[in-house]
Amino acid sequence: MREASDGRAPGGSAPAEPAGQATPAPAATAVPPATVPPATVPPATVPPATAPAAWVTRGLTLQYPGASRPALDDVTLEFPAGRCTAILGPNGAGKSTLLRLLLGTLPPTAGEALFEGREASRWPRREFAQAVGVVPQLEEAAFPLTVRELVAMGRYPHLGPWRREGPADRRAIERALDSCDVTSLADRPLGTLSGGERQRARVARALAQEPRALVLDEPTASLDIRHEMAIFELLPALCARGATVLVITHHLNLAARYAQRLVLLHHGRVAADGTPGRVLTRALVESVYGWPVAIAGHPGPGPDTGVPQVIPLAGEACASMIAQGDAPDGSDG
Amino acid sequence: MFPAGSQSSLNPVVTAGRLTLRFVLLAALLLVSILLAVRLGAVSLSLREIVDGVTGRGEPTTVAIVRQLRLPRALQAALVGAALSLSGATFQALVRNPLAEPYILGVSSGAAVGAVAAIVLGLGLGGMWGVPLAAFAGALLAITLVFRIAYGVGAALDTHVLLLAGVVVGAFFNAAILLLLTLSDVESFRSAMFWMMGSNAGASWRSVLLLAAYVVPASLALVALARALDLLALGEQTAAHLGTQVERTKLIAYGLASVLAAVSVAASGVIGFVGLIVPHVVRMIWGSDHRTSLPSTALLGATFLVLTDLLARLVTRPTELPIGVVTAFLGVPFFIWLLRKRGHARG
């Protein structure tokens, strides 16, 4: 996405920028009453050579009103720019809450969620939408729309209320339609498309935003293998162009194959954070999901041969284990 | 399902050309309908007489019919039609439901309570402004109540709660109207009923100017929110992700749509279904891009109400039908057709 890098340069977050404002140091200066002295933060969390972080969270906590315990509890994470990170966890682990905090649609109860050094909920919404594209989990248009009309809405953050689409906008739309393979559907009403086609149109809309970061919330729920793989196959290409990708998913195996890094949430806390090989261990997955599993290397062929794949067990193997200890749920502290 | 987007050609020049053609066509349609409304009636006028009447050179009766009666009445109908249609289109985008209508928020019932109270209690006798002012106050009271209830339930404005609040407040106000009517004498009962069914018979240049002072700026402000409405129709989450300040935008849009409905009710009484039919027809023909559909809705809504008002005057000449009856006779079958079609589409 040549234009994406062109677009980034004036924004000041091109990788070449020496003092990228996304690094923790300026972030700390931008928030003077930081509890941790800035000098100690960078060496502790980022080795100096790695890419600047797109998102940084520190002690991020959210308690919904009336809830007995926080939905998200003291989460400190970093999401490096230009990488694909998968956020995993059982239902109710806090994935969606973390997502809302990272997108700034919900202010944290405690701690902070910084995007490019600035608290996400304090970003002007339009500016944030120019930087971050979101593919939502669930969305239904109230009125009939064509695919092209839907994808064109990805340009709205760049256009504001009055400006008309220019040639650059139309190019971005065509490119987005093309990369999601929906060009041939462009003039079809959304209502006549299959679930997979509609989801590809939504991804295309996020790409038309030409964002620096892309967030996908369970993008392949209810899609068949082909459409699911087609969407995951888009992710490495996006990262290669310098985009930061966050994907929330229940598919541990696809996450292991397509994300360089996995964050496993459990009861609102980070149970594990690291490469697929470090996160998808039998003990960890069994304790978090409460179900016996086997871990096997991906048989290949392909670039991801050998990546750990999780196979939930069934039958007697499973019955005996569950009877044994109901899996040590909640012991993760 | 619809030929929506057939106009979203790749070529911007073609699109712009088609848009211009569409707006020229709609404006011409409105002009013709206003001309018809001025021409037809108990006394039919020729084009020449109309021109003479407007310029004031014709015979005094003709001048009076054109200047004092038919022209202000047609213009009031046009303004009210545009306002109700825009209000409906906005509510439909905000509530994300094509069956929504200005009256869904209890605006009509509030206005009706105000007007009926003024008529029955004799407050309107002080002058021509008593009833419309009371109607406007009632509409604002209804909107305030509905929003306070809706906001009292949760931190953010929940559309479903808002709709329920509208229904509940509307039911309460309707009960209040029945109470007032049982207390009223025959004369005020008749005039209250007539007002509740809608009429443009009371139009004057003052009412036209007053309406325009609200309708024109509010309509422009809504067109400025067109892209935000496009996004809100996709859902509030998506709208937020695409750069909309959801709560603020919703509040402004609800406010503008409510004011449009309130001034319409204050001027013409309760006229239902305009806000349902017109936006839907526009979306069926031209798609739902609000930057183009809102102006189209305003123009078509104006034309629709000018023609319905003409119909209301002509059908049972020399007496006059309440315009609300005409729009209801057209609107109810349309509503049922829409409901059935949506039911089939779902499955």
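The values are calculated or read from the model by the stated rules, or taken from the named source; none is laboratory data. Keep in mind it's a predicted model, so treat the numbers as computed, not measured. Ideal geometry is used to build each Cβ from the backbone, glycine not excepted, and the neighbour counts take in all protein chains shown. Heavy atoms of the whole protein, side chains included, go into the accessibility calculation; ligands, DNA and RNA do not. Shrake-Rupley method; radii C 1.70, N 1.55, O 1.52, S 1.80 Å.
Observations on the structure shown:
- Check on A:S222, surrounded by fewer than 23 Cβ atoms within 10 Å (Cβ to Cβ) and under 26 Å from B:G287 (Cβ atoms): no
- Residues satisfying the stated conditions in region B:27-43, i.e. of a type outside the set (G, A, S) and closer than 14 Å to B:S296 by Cα: B:L29, B:L30
- Selection of region A:159-169 for residues being buried (at least 16 other Cβ atoms within 10 Å of the Cβ) and either modelled with pLDDT under 85 or at the interface with chain B (Cβ under 10 Å from one of its Cβ atoms) (or both) yields A:L159, A:E165.
- Residues of region A:137-156 satisfying the condition of being modelled with pLDDT under 90 and under 19 Å from the mean Cα position of the chain (by Cα): A:Q137, A:L138, A:E139
- Residue, nearest to the other protein chains (Cβ to nearest Cβ), within region A:100-140, restricted to residues that are assigned to a helix (DSSP H, G or I) and open to solvent by less than 40 Å² (accessible area, probe 1.4 Å): A:A129
- When A:F143 is tested against (1) within 14 Å of another protein chain (Cβ to nearest Cβ); (2) in a helix (DSSP H, G or I); (3) open to solvent by less than 20 Å² (accessible area, probe 1.4 Å), just one condition goes unmet, and that condition is (2).
- Total residues in region A:302-325 satisfying the condition of being of a type in the set (V, I, T) and at pLDDT below 70: the figure is 1.
- Of all residues in region B:216-266, those satisfying the criterion of being more than 20 Å from B:G301 (Cα to Cα), part of a helix (DSSP H, G or I), of a type in the set (A, V, I, L, M) and within 10 Å of chain A (Cβ to nearest Cβ) are B:A228, B:L231, B:L232, B:A239, B:A240, B:V246.
- Checking each residue in region A:170-194 for being more than 8 Å from chain B (Cβ to nearest Cβ) and in contact (Cβ under 8 Å) with a residue 40 or more places away in the chain picks out A:R171, A:A172, A:R175, A:S179, A:C180, A:D181, A:A186, A:R188, A:L190, A:L193.
- Of the residues making up region B:10-27, those that are out of contact with any Asp or Glu (no Cβ under 9 Å at 6 or more places or on another chain) and modelled with pLDDT under 90 are B:N11, B:V13, B:V14, B:T15, B:A16, B:G17, B:R18, B:L19.
- Qualifying positions in region B:239-249 - buried (at least 22 other Cβ atoms within 10 Å of the Cβ) and modelled with pLDDT under 90: none
- Apart from one condition, B:V208 fits all of (1) closer than 22 Å to B:I143 by Cα; (2) β-branched (V, I, T); (3) away from chain A (no Cβ under 14 Å); (4) in a helix (DSSP H, G or I); the exception is (1).
- Unmet criterion (only one of (1) crowded, with 17+ Cβ neighbours inside 10 Å; (2) at pLDDT below 95) for B:L30: (2)
- Hits in region A:123-157 (condition: over 12 Å from A:R205 (Cα atoms) and acidic (D, E)): A:E127, A:E139, A:E140
- Some residue of region B:161-175 being of a type in the set (G, A, S), in contact with a Ser or Thr (Cβ under 6 Å, 6 or more places away or on another chain), open to solvent by less than 20 Å² (accessible area, probe 1.4 Å) and part of a helix (DSSP H, G or I): yes
- Criterion applied to B:G202, B:G198 was being within 15 Å of the chain's Cα centre (by Cα), open to solvent by less than 70 Å² (accessible area, probe 1.4 Å) and within 19 Å of B:L305 (Cα to Cα), and the one residue passing it is B:G198.
- Test: A:R83 is at pLDDT below 95, surrounded by fewer than 20 Cβ atoms within 10 Å (Cβ to Cβ) and farther than 18 Å from A:L246 by Cβ: no
- For region B:267-292, taking the residues that are assigned to a loop (DSSP other than H, G, I, E, B) and within 14 Å of chain A (Cβ to nearest Cβ), the one that is most open to solvent (accessible area, probe 1.4 Å) is identified as B:D289.
- Among residues that are closer than 30 Å to A:V151 by Cα and either open to solvent by 50 Å² or more (accessible area, probe 1.4 Å) or among the charged types (D, E, K, R) (or both), B:L339 is included.
- Options A:V151, A:V134; residue that is within 20 Å of A:D217 (Cβ to Cβ), touching a residue at least 60 places away in the same chain (Cβ under 8 Å), hydrophobic (A, V, I, L, M, F, W, C) and in contact with a helix residue (DSSP H, G or I) (Cβ under 7 Å, 6 or more places away or on another chain): A:V134
- Among the residues of region B:250-266, the ones that are β-branched (V, I, T) and open to solvent by 30 Å² or more (accessible area, probe 1.4 Å) come to 2 in all.
- When residues of region A:77-99 are limited to those that are over 19 Å from A:L284 (Cα atoms) and polar (S, T, N, Q), the one nearest to the other protein chains (Cβ to nearest Cβ): A:S96
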